[in-house]
Amino acid sequence: MDNQLELYKKAAELANIGTWEFDLENDQLFWDPITRKIYEVDEDYSPSLLEAYSFYVSKIESIEEDLKRLISNKKNIVDRRQIQTTSGKLKWIEINAHTEFEDVNCVKLFGTIQDITSHRRLLETLEINHNRFYNAFDHAPIGMALVSPSGKWIKVNTSLCATLGYTMHELMMIDFQKITHPDDLEQDLKNVQSLLQRERKTYTMEKRYFHKSGQVVWAMLSVTLAWNADNTPSYFISQVKDITDRIKNTEKLLKERQRLDNVIESTQIGTWEWDLVKDVMLYDTRCYQMLGYSSEENFDSLLKWSGVVHPDDIPAARTCLEECFNKNLEYYNCEYRVKHKNGEYLWIESQGKIIEWSDDNKPLTMVGTRKDITLRKLNEQEQKNTMHIISEQNKRLINFAHIVSHNLRSHAGNFQMMLDLLTQEHDESEKALIIDLLKQNAENLSDTIVNLNSVVNIQLHAAEQMKPLNLYQEIKKTLTNIRALIEKEHAEFSIYVDKDLILSYNPAYMESILLNFFTNAIKYRHPDRQPKVIIAVIAEGDKLTLEIKDNGLGIDLSLHGNKLFGMYKTFHVHDDARGIGLFITKNQIEALGGKIEVESEIGIGTTFRILF
């Protein structure tokens, strides 16, 4: 027995457990050093039984009754009591007591004492937490449930019952599978299985439950699994938050967004949003499609977007933007050109508004739209061109009316004067002379009418005979037609025109225009030098200019510039000069939408430019 007791003491010492003995025959109590340490007494302290009992916080009725209870039990007794140490500290101890008998008499009590204060506090904390959990569980504003691994409800709170429309008793009689929407059940069970297999610690999913009324309840389900000490699943802790209103609102917003997208799609308008702080631009699909790009080909900053804007339009677009930043304009509205992926420029109308400002009035967020207005711009330009043509035609018509009025009035005046002279003249020879003059006036009137008809025909039939012409061949053909004149005057013509250049033009007008300029270059040559003519084509983009440059007499443009292309206007003395050639040529060119320009210097020569 002594050996066993000694072994017991050593084991207790290793486990930081105090030992004690009470010799009933000698009425002596022994505490080992660990027990003294627990009671916070001196190392040589040897208490009496009465002193030992005085440490207890809850007093017992009598020491004798307590000893009698221990002895009569004849078995191991475990007792937990609270003590107050000599320093006044409260501790909980666990007393383990054994009895030792000789014959029928108990001669010794012995056992262990262990400080279980920390353990006791832990239990109290656990109990508090347990109470708090169930208090929170029962009164949580969202549904909560404890569910067995088999899917049966263990405990549900009132919020869950209210969400699903069941009483607590009704809900406890069914499992969660029966009220789960069939389309969500498979995924829910997969998630449950992943918890059971320890693949995850928790899962969250949106799922649908059936309300008792049959309506669908959308919920956000969050589940964790509690495990037993032997690593077997104990129960699931489920949180069920009703998100039906949120889902309905989301669906409503999606429908509204779809409706808005349909409206935007039908109007062919793209939308954009600009975070000015981060300089990040977001575009919808239509904005990218407008320029022939995909959404992966990003213009996600102002710098990148400026890279596709026509350089000539950047200042105006930037000025409009700054006006919005300075709050001088509420809405951004600007039309400018942007480069399509195929290299062509198209016109867009960009509109927007700053919807978010910082406290110091700095723009934060801007939203807006972009619309392709290329067709509208082309129509506007076409209208401008048409109005320009109409305006020019009106000017020519007014000019023509003045010419007709002036010329016919001149001829009529001459006729009237000759007739008056004829009626007053008695000399037959003088009458014959007057009649000859009348005949000459009639011929001049006929020439005038022919010239006026030519001008009218130019306006009426200019575009009727448009054909593709090889300009080089037309030039060569015209030069061939005046070969005799060229050789007679020793004129030299140099041609710098692409032999394959094709123009859509009226063949008769082309011949008339070239013939007039070429013959004029020879007709009004400088008397002191060989006539030389340079014919060249200058291309600028899709615009062509035919340049005819001579080294002739030249024209004083400061004196004659405003009447250079007038009818019957001449500027040099020549037997064939009638002042009709340049007038008709200008009308022919302008009737086909072209333009004529002239540069000249007296004694140096003249350059005519025909802009097709």
Cα centroid separation, segment 15-38 to segment 213-247 (Å): 55
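With a ≥ b ≥ c the root eigenvalues of the C-alpha gyration tensor of segment 195-234, is it rounded (a/c under 1.5), prolate (a/b larger than b/c) or oblate? Kindly include the intermediate steps, with their values, before the conclusion.
Numbers: a/c = 4.55, a/b = 2.44, b/c = 1.87.
Prolate.
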Under 22 Å from LYS212, Cα to Cα: lysines that are on another chain or at least 8 residues apart: LYS152, LYS155, LYS178, LYS241, LYS248
ILE355-ASN379 FRET efficiency (beta carbon distance; Förster radius 35 Å; 0.05 resolution): 0.60
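Could you rank the peptides 278-284, 91-97 by their average count of other C-beta atoms within 10 Å per residue, with the highest value first? Show your work: numbers first, answer last.
On the way: 278-284: 15.4, 91-97: 18.6.
Peptide ranking by packing, descending: 91-97, 278-284.
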Protection proxy ranking of 22-34, 223-235 - average other beta-carbon atoms within 10 Å, highest first: 22-34, 223-235
Reach of LYS341 by Cα under 25 Å, taken over lysines that are not fewer than 8 positions away in the same chain: LYS304, LYS371, LYS377, LYS543
For segment 143-264, the spread of Cα positions along each principal axis, largest first, Å: 63, 34, 21
Sequence-distant lysines (8 or more away, or on other chains) whose Cα lies within less than 16 Å of LYS91: LYS37, LYS59
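How about segment 107-167: which chymotrypsin sites (Phe, Trp or Tyr not before Pro) there are in a DSSP loop, with at most 13 other Cβ atoms within 10 Å of their Cβ? Numbers along the way, then the final one.
On the way: sites: PHE110, PHE133, TYR134, PHE137, TRP153, TYR166; in loops: TYR166.
Nothing satisfies the criteria.
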Bins of 10 Å, starting at 0 and running to the largest distance - Cα pair percent for segment 268-372: 15, 51, 29, 5, 0
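Where a number appears in this text, it was derived from the coordinates with a stated rule and is not lab data. Everything numeric here is computed off the predicted structure, so don't read it as measured data. Neighbour counts run over all protein chains shown; Cβ positions are idealised from the backbone, glycine included.
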